Amino acid sequence: MYTDLVMDHFTNPRNVGEIEDADGVGQIGNPVCGDVMRISIAVDDKDRIADVKFKTFGCGAAVATSSMVTEMVMGKSLEEAADISNKAVAEALGGLPPNKMHCSNLAADALHLAIQDYLVKNGREADVEQFLKALPKEREHSSH
Amino acid sequence: MYTDLVMDHFTNPRNVGEIEDADGVGQIGNPVCGDVMRISIAVDDKDRIADVKFKTFGCGAAVATSSMVTEMVMGKSLEEAADISNKAVAEALGGLPPNKMHCSNLAADALHLAIQDYLVKNGREADVEQFLKALPKEREHSSH
Amino acid sequence: MKTVYFDHAATTPVDRRVLDAMLPYFSEQYGNPSELHRLGREARAAVEAARAQVAAVLGAGEKEIVFTAGGTESDNLALFGGLARSQPGHLIVSAIEHPAVMEAARALNRQGWAVDFIPVDGDGIVDVDAYEQAFRDDTRLASVMFANNVVGSVQPVAALARIAHEKGALFHTDAVQAVGSLPVDVGELGVDLLSLSGHKLYGPKGIGALYVKRGTRLQPILHGGGHERRLRSGTENVPGIVGLGVAMTTAAAQLPEVRPRLERLRDKLAAGVAERIPEVTSLGHPTQRLPGNVAFSVRYVEGESMLLRLDAHGFMVSSGSACASGSLEPSHVVLALGLRAEDAHGSMRISLGRENTEEEVDAFLEAFPPIVDKLRQMSPLYVKG
Amino acid sequence: MKTVYFDHAATTPVDRRVLDAMLPYFSEQYGNPSELHRLGREARAAVEAARAQVAAVLGAGEKEIVFTAGGTESDNLALFGGLARSQPGHLIVSAIEHPAVMEAARALNRQGWAVDFIPVDGDGIVDVDAYEQAFRDDTRLASVMFANNVVGSVQPVAALARIAHEKGALFHTDAVQAVGSLPVDVGELGVDLLSLSGHKLYGPKGIGALYVKRGTRLQPILHGGGHERRLRSGTENVPGIVGLGVAMTTAAAQLPEVRPRLERLRDKLAAGVAERIPEVTSLGHPTQRLPGNVAFSVRYVEGESMLLRLDAHGFMVSSGSACASGSLEPSHVVLALGLRAEDAHGSMRISLGRENTEEEVDAFLEAFPPIVDKLRQMSPLYVKG
Ligand SMILES: Cc1ncc(COP(=O)(O)O)c(C=O)c1O
Ligand SMILES: Cc1ncc(COP(=O)(O)O)c(C=O)c1O
């Protein structure tokens, strides 16, 4: 049911862990639903993601999308990173089973929350609006 | 579904045919129902069945019960022959499948009708009553 | 004694290639397709590959194939499942349906559905005018079989489906006898639901499929774990499904060769019987019929007694439909053709299959007339001595 | 890589003896049991011999065994068939039934039946008081499974059946997980209906049976040719039926040897996991449980991720019930035991079978702790680093 790439990211997840003194941290999901993802980022002075790490409680898809998103954004500008959608992550993995698309595919949202966290912490609320049009608004997901 | 004995009587039926100038003939069944049996008898002067033959249109059970009844009554007295029931014929064959008990197991009835025919032809209506208590009265069977 | 199997409409032997394909799935690749581990995933892949095979042969999409336990379940799922959502209304079936459709329709009738049984002509073809006129405002579904299991007649399914759709009803066809023997393309037919069964096409018993056209609303009749896109719960019969897939592919590949060959044998057999035995009525349509089906009625003798004597000579045939009820009633199909009950009792079905040969047909034509003769001599209905 | 199959509750490999017994019935003895010719009669005899085998193991009469296509169909036939004649009334099922009973009960509920779901205690045993009090004047049937497929708990079936009968209701038990693993005697249990499935006891997939106590009124859910004493139409799956018969006999013969061996392995495995891994909750009753079932919940990690990592190490286990819906909900069984949803997500089921060895258990106890450790390191919920 999972593509080889999903299994690869699940079995050998990239960038696992937590950045100490991270510039931004985003967490999404709910243990009751079976998926929690936390992404921490280090941002350099050119607004680039210098480092990114994740921790995830969840199924194979949850781990793989988390791992994939860290790989996709490493070294990217915040603006580019903000453009990455959950859908794009799933596509980069060669697709996910239909029943995994909704709940376990939230890694991009966690990333966006980490970016928002960074921007807010640095007094750049204005950029939040600009970068993150489709920001997850503590989605329905978290409470269902 | 049929016992070996049924198959034997079906495959090698005993006493097939029609007695010319029979002393008594009995026919029962209805082609619409798929079973017709005709039994003809020759009766000697000691009221014994000197010869008996059958013709049958019907399934394996119909043929086998016809054949069996002729074997059972050959040489018997009319009184003994009149005592043989359809059930006894089925038992002598080692049993019949349940769905064959009702419609295809009428050979004894045909025999009884042949005995009745003989008795009536010979002015012995009184004996009919005595010999054939359970005479088939053109049973429900024939019309269903 | 050499035996000759002439009862392929009742069931067929599993093809060697089919069995070989199935074998690994019993004791080695035995995973449950719902499980995520390796054995489970491999079983899932096997099931989906078989689904693709079935779909390809029918010209269907993979998501339109639901695996069931056989033709009977497919028929029941089509009728009960197709009608479950609606208030009882009206249902149309032909008068010569297999009991799997007939009894499902009767059960629906007991639940409040009005049912019309459409008559057939003397050749066993559905009366299209009567069919068309039977539709009512509340007709929800019409079900007419593709090819009849007793007399072999093939129905004008595409036309019947078109009419049902014009009237706003669903159309189901029981193609259990047709799939594998005739080309069956759901696109050309335009049907909404189509039933098939593995054991009629050299696949295993206990497996079948229902084609469910995309968008057709169907309710399950077996509830549970939600297998088969929620339409049929129960752990998948993986070896059976794999076998069905290969059986479909094999049958489709062989059809262009097998079909004309069987038609020739069929016609030779039918002509031979008619020539050699007086007072035989052939049953079903002369040309619009299953390639392997020969059906006729022999006057003055009863079907079972012919069948048993033929069996004693090594020929396995059927006296009509294989009905577990052991009913002694003459076949409702033969009666629907207009035969008198006494003649219907004398009906017989020979159904040829791939492995049958011309020698076997010749041997039958030798063996059969003396058997009929002997039985007629024994019959009180036979006048000419 | 050597693989270890620890998922016998999902399905089992077909036993060699079972497969050998089945093989002739595919391509040689392929007759349709409803046909009267030699091949048909031989198939009929094989079916009836298998029925006798199944009946003997259960302590039932031969006429009390109905062959179906599996556990799901048996469960559905018991519930829908057992209730069909009556006006909608009241139905009792346990809160931990398999979806085959649960969803059938829900479907009946949509048709107007009131349904009570009886809770279980923390060990997964039905609350007998709550059960008894749930009966109403119009309760027609109670269904409580013999042994649970997720947490392995074994229910007091005989007592539950007795109560149902005192209240004038029918009693059904889904014994799909029990038959073959525990002694199951319908006389001692006093049940009216009992479901079993071939592929859970080293028999083939796609075959099952329903025990129907003499005198129990049941309506078919599959209508057609009237097979199985009119209770289940459809050409008999002869190889499957033959396989089920041998599987039952074989399982019963091996039970006295296999059961204590599995119980020992089970207890060693459960103890080993509890010893080596902190914050693990074992699930189900400590002793009143299936011989091969080990179930537990591991905090801070999710079941599927454990399962997939174990699979990568060659160990095949399940994260709960094999559910084709691919639901992401935590198991309703584990929730019914009182676990919080977040902990229920970390549940895992190991189900041992005949061919498992102590070495395999030891290997698992080696491999598993580092996997949990790695996943916990990755978990944002795991606080102690
Ligand atoms: C036309 C037709 N429909 C349905 C069936 C039932 O199929 P199955 O025996 O696979 O249940 C059969 C054969 O038995 C058939 O010939
Ligand atoms: C307790 C229980 N009941 C019913 C079933 C359904 O059986 P089947 O898969 O044979 O339909 C299963 C297994 O899937 C089960 O474990």
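Key figures
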{"item": "At 7 Å out from Cα toward Cβ: C:Ala159 inter-copy label distances (nm, ascending)", "result": "6.9"}
{"item": "FRET efficiency, 1/(1 + (r/R0)^6) with R0 25 Å, evaluated for A:Asn12 and D:Glu366 via beta carbons", "result": "0.75"}
{"item": "For A:57-68, mean number of other protein chain Cβ atoms within 10 Å", "result": "5"}
{"item": "Average silhouette area of the range D:74-120, convex hull of alpha-carbon atoms, in square nanometres", "result": "2.9 nm²"}
{"item": "Around D:Arg106: net Lys/Arg minus Asp/Glu count, Cβ-Cβ under 13 Å", "result": "-2"}
{"item": "Fraction of antiparallel bridges per DSSP, chain C only, in percent to nearest 5", "result": "50 percent"}
{"item": "GNM flexibility winner over chain D from D:Arg299, D:Arg259, D:Arg276 (Cα, springs under 10 Å)", "result": "D:Arg276"}
{"item": "For D:Asp129, C:Asp267, D:Asp311, order by how many other beta-carbon atoms lie within 10 Å, fewest first", "result": "D:Asp129, C:Asp267, D:Asp311"}
{"item": "Cα→Cβ-extended label distance, 7 Å offset, between C:Lys268 and D:Thr3, nm", "result": "5.0 nm"}
{"item": "Neighbour-count ranking [beta-carbon atoms within 10 angstrom, fewest first] of C:His90, A:His102", "result": "A:His102, C:His90"}
{"item": "In chain C, lysine pairs closer than 26 Å at Cα, eight or more apart or cross-chain", "result": "13"}
{"item": "Chain C shape via C-alpha gyration tensor axes, a/c threshold 1.5", "result": "oblate"}
{"item": "The range D:1-115: C-alpha pair distances exceeding 20 Å, %", "result": "63 percent"}
{"item": "Cubic angstrom per residue, convex hull over Cα atoms of the protein assembly as shown", "result": "186 Å³"}
{"item": "Longest site-free stretch - chain C; sites: GluC sites (Glu not before Pro), DSSP loop, at most 15 other Cβ within 10 Å", "result": "C:29-278"}
{"item": "Most mobile of D:Asp192, D:Asp373, D:Asp127 in a GNM of chain D (Cα contacts under 10 Å)", "result": "D:Asp373"}
{"item": "Shielding score for D:23-32, defined as the mean number of other chain Cβ atoms within 10 Å", "result": "6"}
{"item": "Ellipticity estimate at 222 nm from DSSP helix runs (n ≥ 4, -39,500 (n - 2.57)) divided over chain D, nearest 500", "result": "-12000 deg cm²/dmol"}
{"item": "Whole-Å distance, taken between Cα centres, linking the range B:44-121 and the range C:119-168", "result": "48 Å"}
{"item": "Chain D, rotation onto C, residue closest to that axis via Cβ, with its distance in Å", "result": "D:Ala69, 2"}
{"item": "Angle between chain D longest axis and helix D:157-166 axis [Cα atoms, degrees, rounded to 10]", "result": "50 degrees"}
{"item": "For C:Asp185, inter-copy label distances in nm, listed shortest first [label point 7 Å out on the Cα-Cβ vector]", "result": "6.3"}
{"item": "For D:Asp373, inter-copy label distances in nm, listed shortest first [label point 7 Å out on the Cα-Cβ vector]", "result": "9.1"}
{"item": "Fewest-first sequence of D:Ile221, B:Ile19 by Cβ atoms within 10 Å of each Cβ", "result": "B:Ile19, D:Ile221"}
{"item": "Sites D:Arg106 and D:Asp373, calculated FRET efficiency, Cβ-Cβ separation with R0 41 Å, nearest 0.05", "result": "0.55"}
{"item": "Per-q log10 I(q)/I(0), the range D:256-385, q = 0.15, 0.22 Å⁻¹ (Debye; single scatterer per alpha-carbon; no solvent)", "result": "-0.69, -1.47"}
{"item": "Share, in percent, of DSSP beta bridges within the protein assembly as shown that are antiparallel, nearest 5", "result": "65 percent"}
{"item": "Taking chain C and dividing mean pair separation by its residue count, relative contact order in percent (alpha carbons under 8 Å, at least six apart)", "result": "23 percent"}
{"item": "Solution diffusion estimate, µm²/s, Stokes-Einstein, the range A:4-134, Kirkwood Rh from C-alpha pairs, 20 °C, viscosity 1.002 mPa s", "result": "150 µm²/s"}
{"item": "Residue-averaged [θ]222 nm for chain A, counting only DSSP H segments that reach four residues, each worth -39500 (n - 2.57)", "result": "-12000 deg cm²/dmol"}
{"item": "Centroid-to-centroid separation of the range D:50-99 and the range D:1-25 [C-alpha atoms, Å]", "result": "25 Å"}
{"item": "Candidate lysines for bridging to B:Lys76, where Cα separation is under 27 Å - those fewer than 8 sequence places away on the same chain excluded", "result": "B:Lys46, B:Lys53, B:Lys55, B:Lys87, B:Lys100, B:Lys121, B:Lys133, B:Lys137"}
{"item": "DSSP beta bridge pairing in the range B:4-134, given as percent antiparallel to the nearest 5", "result": "95 percent"}
{"item": "Average partner coverage of D:11-20, which counts Cβ from other chains inside 10 Å", "result": "4"}
{"item": "Trypsin sites (Lys or Arg not before Pro) restricted to DSSP loop in the range A:61-133 with at most 11 other C-beta within 10 Å", "result": "A:Lys133"}
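Just so you know, all these numbers are worked out from the coordinates, no wet-lab data involved. Since this is a predicted model, take the numbers as computed values, not measurements. Glycine also receives a Cβ, built like all others from the backbone with ideal geometry; neighbour counts cover every protein chain displayed.
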